[in-house]
Every structure is written in structure tokens, then in C-alpha cells.
Amino acid sequence: MPRGKMSAAIMDKPLSIAVQQVDIPVPKEDEALVKVYCIGVCGSDVHYYEHGKIGRYVVKEPIVLGHELAGEVVEVGKNVTNVAVGDRVAVEPGVACGHCDYCRSGRYNLCPDVVFLATPPVNGAWQEYIAMPSDYLFKLPDTMSFEEGALLEPLSVGFHALQRGHAKPFDRLLITGLGPIGLLAGQAAKLFGITEIYGTDVVPFRRELALEMGFTAALDPANENVGERLAELTGGTGITLVVESSGNARAMADTIRLVRRGGRIVFVGLPAEGAVPMDMGQLIDGEIDAYGVFRYANTYPAAIQALRGSGADIGKIITHRFPLSDIREAVETARTQKDTSIKVMIYPNSP
Ligand SMILES: [Zn+2]
Ligand SMILES: [Zn+2]
């Protein structure tokens with residue numbers, strides 16, 4: 001059992017982050033201590049780093065960011081039975097209360113008391129070790145890397161979006177916005193048996209990556225008539241399901257005219273402006289179903305089961321890799337190179 005000090009990346013104010021030495025956490029009775037091998041930089045981490053807040057969540061005290069992680073169990077509390085020392089695990093970063101209506105009905109992502117890593121004032125895991133309730137640890141099959149284990153977090157968002165949208169193998173899917181979430185939603189779609197997957201993004205690099213990752217076509221909404229192109233590409237049958245992951249107000253409003261009558265739209269990307277004008281007449285007239293998505297629930301075991309042996313290569317979205325000591329460069333890469341970086345990964349311990 002490791003004791004003493006460890007390295008942790010501490011952000012004390014916007015645009016200021018450095019590795020410092022802090023105490024290695026001691027796991028409680030129902031917790032396990034995880035040695036963090038791989039952890040992603042998420043858009044939300046970059047936003048906290050740059051602006052010091054997201055909506056009502058404000059960084060007031062120095063904070064450790066990071067919530068997309070996998071590692072190895074190195075110590076367990078005395079009540080822990082589901083994992084053991086030496087297990088390779090993915091960490092689900094949101095710990096719900098377990099008692100409220102939402103938790104009891106399985107929709108624990110809506111729990112008002114959820115404690116989510118790297119959401120102020122809760123610390124995240126850009127550090128060497130983290131203690132987590134063992135219920136939120138999921139064993140990785142030998143065939144899955146720590147990188148894939150860490151990517152289960154953003155993959156879960158896409159997985160949950162498809163579940164919310166009642167995805168079927170015969171859907172013709174459009175994903176708007178090809179950042180990490182959109183690209184991984186495309187991989188999640190394959191796990192649901194969907195074979196016709198279209199994407200839109202204004203950034204050429206992202207469209208190229210989408211094609212490499214098996215999208216049927218990737219369109220440029222700035223220079224193409226997406227509605228016409230999709231009509232051509234689907235032989236006039238139209239899009240049955242849209243996953244909107246850009247958060248762009250225009251793209252969100254456009255989904256209503258890009259989905260066919262009777263189709264479904266799942267909204268994942270959060271708009272900067274809050275209120276977005278929508279053509280509700282067309283939504284009503286076309287009996288279009290619209291769903292919101294907040295994080296995910298119950299996705300880790302399902303996504304691990306679906307991924308193993310699927311041949312889906314979710315690791316393709318990783319564009320940059322840094323040790324924890326280069327934390328500043330890692331976050332700055334994600335912040336300033338949005339057109340060429342998709343997922344930046346941090347490695348607090350070398351394997
Ligand atoms: Zn994230
Ligand atoms: Zn709850």
C-alpha cells in the first residue's frame with residue numbers, strides 16, 4: 001500500500017497549473033486506491049482551466065482536474081469485494097447518492113447529490129493515485145488497454161445518447177459535430193449495429209478522422225448543402241436518427257430539417273447561449289422525438305461488453321500523449337490546437 005507523497009496537477013487560478021506534491025489518499029472501507037495510468041483531457045477540463053467556471057460551477061479553491069481515467073487497483077478497503085489488488089480498471093467518475101428517486105430508478109446521472117470528479121469543488125484525477133468507491137470501478141478485459149479504459153468515459157456519452165434515441169441497427173444516423181464525443185458516438189453506433197453513419201463538421205481534420213474511423217461520409221456544413229447531400233447519399237430515404245454533439249446553435253436548429261418525419265434527435269452538445277430558437281412547428285408536424293442527454297448511466301459494463309472483440313478502434317481519437325510532468329503543455333495543446341487535437345492523454349505513471 002503506497003503511502004507518503006504523490007504528484008498532482010493543481011490549477012490555482014485560470015491558465016495557471018503546476019505539478020505539486022500532495023498526500024497519497026488512503027482508501028476508506030468501501031473504496032479502492034487506483035494507480036492512474038491514463039487520463040484524458042476533456043473539453044470541460046479545458047474550460048475550467050481557461051475560464052475558471054462552467055455555468056454555476058466555479059473554481060474557488062485550487063483544484064485537480066481530469067475525470068476520464070483507467071488504472072490499476074493497488075489497495076482495497078476492508079468492505080471491498082468486487083475488485084482486488086492488481087485488477088486493471090476503468091473509473092466511472094460520477095458517484096451518486098444511491099437513495100433518491102433518480103438513483104433508485106436507475107437514472108443516477110440525474111441525482112441532485114452526484115459527486116463528479118473535477119467539478120468544483122470536487123477534485124479530479126490528474127495525479128498518480130485516486131481513492132474511489134469500488135462500485136464505480138469496472139474491470140477491463142485483458143484485450144483492452146488503459147487508454148481504451150479511459151476513453152470509456154467519453155464513449156459512454158455517445159453510448160447513452162444512442163440508448164436515449166432508441167438506436168436500431170437499421171437507423172441512418174447523422175452525427176453533427178466531430179469532436180471526441182461525436183467521433184466516439186460514431187464508434188458507439190457501430191456497437192449498436194448501425195452501418196450508415198454520416199457526420200458534419202467545419203474542421204477538415206475532424207472530417208478526415210471520421211472517414212478513417214468508418215463514417216460513411218463526412219460533410220462540411222460551411223461549404224455544402226448538407227440537407228441535399230444527405231438526401232442524395234441516402235437515396236432519398238432520409239436520416240432517421242440525429243445525434244447533435246456540436247452545441248452550435250445553428251447546427252442544433254438545423255437538426256429538425258435534417259431528420260426525416262418520424263425521426264429522433266438526441267441533443268448532447270450544450271449551447272453557449274442557453275436558449276436556442278427551434279422550428280417547433282416542423283417538430284410537431286413531423287412527429288419528431290427530441291431527447292436531452294446529461295452524461296450517462298449504466299454504460300460502463302455495457303460498453304465494455306460491447307467493445308470487447310468488436311474491432312472498434314476508439315483509440316484512434318488520441319492525437320497527443322504527455323506525462324503528468326508536462327501538464328501545462330498538455331492542457332495548452334488541447335486549448336490552443338482545437339483544429340488538430342482531438343483527444344489529449346496524460347500518463348501519470350509509466351506502465
Ligand atoms: Zn469528459
Ligand atoms: Zn441520488
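Applying the criterion of being surrounded by 18 or more Cβ atoms within 10 Å (Cβ to Cβ) and within 18 Å of residue 348 (Cβ to Cβ) to the residues of the range 71-80, the residue that is farthest from ligand 1 (Cβ to nearest atom) is 75. For the range 160-172, the candidate set comprises residues that are open to solvent by less than 10 Å² (accessible area, probe 1.4 Å) and in a helix (DSSP H, G or I); within that set, the residue that is farthest from ligand 1 (Cβ to nearest atom) is 162. The residues listed here are 235, 274; of these, the one that is at positive phi, at pLDDT below 95 and not assigned by TED's automatic domain parsing to the domain that holds residue 56 is 274.
Within the range 27-52, residues that are polar (S, T, N, Q) have Cβ atoms under 7 Å from residues that are surrounded by fewer than 23 Cβ atoms within 10 Å (Cβ to Cβ) in these pairs: 44/54, counting only partners at least 6 apart in sequence or on another chain. Taking residue 143, is it open to solvent by 10 Å² or more (accessible area, probe 1.4 Å) and of a type in the set (Val, Ile, Thr)? Yes. Residue check: is residue 340 open to solvent by 10 Å² or more (accessible area, probe 1.4 Å), outside any strand (DSSP E or B) and touching a strand residue (DSSP E or B) at 6+ places or on another chain (Cβ under 8 Å)? Considered against the rule, which asks whether it is open to solvent by 10 Å² or more (accessible area, probe 1.4 Å), outside any strand (DSSP E or B) and touching a strand residue (DSSP E or B) at 6+ places or on another chain (Cβ under 8 Å), residue 340 comes out as yes.
Taking the range 199-236 as the range and being of a type in the set (Phe, Trp, Tyr) and either open to solvent by 70 Å² or more (accessible area, probe 1.4 Å) or in a helix (DSSP H, G or I) (or both) as the test, only 205 passes. One residue is enough: does the range 82-105 have a residue meeting the conditions in contact with a Pro (Cβ under 6 Å, 6 or more places away or on another chain), in a strand (DSSP E or B) and within 16 Å of ligand 2 (Cβ to nearest atom)? Yes: the range 82-105 contains one or more residues that are in contact with a Pro (Cβ under 6 Å, 6 or more places away or on another chain), in a strand (DSSP E or B) and within 16 Å of ligand 2 (Cβ to nearest atom). Flag not set for residue 45, criterion: touching a helix residue (DSSP H, G or I) at 6+ places or on another chain (Cβ under 9 Å), more than 29 Å from residue 315 (Cα to Cα) and away from ligand 2 (no atom under 16 Å from the Cβ). The set of residues in the range 15-26 that are in contact (Cβ under 8 Å) with a residue 40 or more places away in the chain and either touching a helix residue (DSSP H, G or I) at 6+ places or on another chain (Cβ under 6 Å) or more than 19 Å from residue 91 (Cβ to Cβ) (or both) comprises 17, 18, 19. Can you confirm whether residue 2 is open to solvent by less than 20 Å² (accessible area, probe 1.4 Å) and not aromatic (Phe, Trp, Tyr)? It is false that residue 2 is open to solvent by less than 20 Å² (accessible area, probe 1.4 Å) and not aromatic (Phe, Trp, Tyr). Considering the conditions (1) in the same structural domain as residue 321 (by TED's automatic domain parsing); (2) surrounded by fewer than 22 Cβ atoms within 10 Å (Cβ to Cβ); (3) touching an Asp or Glu at 6+ places or on another chain (Cβ under 8 Å), residue 196 is excluded by exactly one of them, (1). Applying the set (1) within 16 Å of ligand 2 (Cβ to nearest atom); (2) over 30 Å from residue 329 (Cβ atoms); (3) open to solvent by 50 Å² or more (accessible area, probe 1.4 Å) to residue 115 leaves exactly one unmet item: (2). For the range 60-70, give me each residue that is in contact with an Asp or Glu (Cβ under 9 Å, 6 or more places away or on another chain) and open to solvent by less than 60 Å² (accessible area, probe 1.4 Å). Listed by number, the residues that qualify are 63, 65, 66, 67, 68, 69, 70.
So that you can scan it fast, the table gives a plain yes or no per residue for (1) under 30 Å from residue 102 (Cα atoms); (2) open to solvent by 20 Å² or more (accessible area, probe 1.4 Å):
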{"position": "294", "(1), (2)": "yes, yes"}
{"position": "314", "(1), (2)": "no, no"}
{"position": "325", "(1), (2)": "no, yes"}
{"position": "336", "(1), (2)": "no, yes"}
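Where residues in the range 81-95 are closer than 26 Å to residue 62 by Cα and surrounded by fewer than 22 Cβ atoms within 10 Å (Cβ to Cβ), which of them is farthest from ligand 1 (Cβ to nearest atom)? This residue is 95.
The values are calculated or read from the model by the stated rules, or taken from the named source; none is laboratory data. On a predicted model such as this, the values are computed, not experimentally measured, just so you know. Virtual Cβ from ideal backbone geometry, glycine too; neighbours counted across all protein chains shown. For the accessible areas, the whole protein counts, side chains as well, though only heavy atoms, and no ligand, DNA or RNA atoms are used. Shrake-Rupley method; radii C 1.70, N 1.55, O 1.52, S 1.80 Å.
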